[in-house]
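A.B. asks: Mind having a look at this structure? Questions to follow.
No lab work stands behind these numbers, since they all come straight from the coordinates. Please read all numbers here as calculations on a predicted model, not as lab measurements. Heads up, the Cβs are rebuilt from the backbone with ideal geometry, glycines too, and the neighbour counts pull from every protein chain shown.
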Amino acid sequence: MPIVHSLLKQNFKLGIMLSLLKIPKSTYFDWIHYRETARQREDHILKVLLHDIWQNNYQTYGAPRLRLALADLNLYHGTNRIRCLMQGTGVSSIMSRRFNKPTTTVDYNQRPNRIKHLQKLPILF
């Protein structure tokens, strides 16, 4: 809306200007009277804190550890909220969980392979 303000300084009428720019009056007045909510202010502060904590810990902290680090500062927030704030800041852990391939264990002795010798015989058809 800086365009609107610059045109207002040049003594253009607001109604004509908004109609030419195809901006509804309600949108303009909502923008003029906009105030940041308490949640948005808190999110901004948390984003800065999260980035600092993440940077100071070699970029290895994920959402669960960042939540615990904030709890040490007496700031208690859920892991999902911290995850969303991390996404908004572009913060992500460079560590990843190890993938353990599932294994099968057999509790009994294996049966002997009785057809093993048949694989070596030529086919006579």
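A.B. asks: For the ranges 59-70, 17-28, 91-102, 44-55, what's the packing order if you count other beta-carbon atoms within 10 Å of each residue, average per peptide, and put the highest first?
C.D. replies: The peptides rank, most packed first, as 59-70, 44-55, 17-28, 91-102.
A.B. asks: Counting alpha carbon pairs within less than 8 Å and at least 6 residues apart, what relative contact order, in whole percent, applies to the chain?
C.D. replies: Value for the chain: 18 percent.
A.B. asks: Okay, moving on. What's the angle, to the nearest 10 degrees (0 to 90), between helix 79-89's Cα axis and the longest principal axis of the chain?
C.D. replies: So the helix axis and the longest Cα principal axis differ by about 70 degrees.
A.B. asks: Continuing with this model, one more query. If eta is 1.306 mPa s and T is 10 °C, what Stokes-Einstein diffusion coefficient results for region 19-78, Kirkwood Rh from Cα pairs, in µm²/s?
C.D. replies: Estimated diffusion coefficient is 112 µm²/s.
A.B. asks: With a ≥ b ≥ c taken as the square roots of the eigenvalues of the C-alpha gyration tensor of region 1-113, please select rounded if a/c is under 1.5 and otherwise prolate if a/b is larger than b/c or oblate if it is not?
C.D. replies: The shape class here is prolate.
A.B. asks: Along the positive direction of the dipole of the chain (beta-carbon charges: Lys, Arg +1; Asp, Glu -1; about the Cα centre), which of L73, Y108, W31 reaches farthest?
C.D. replies: Y108
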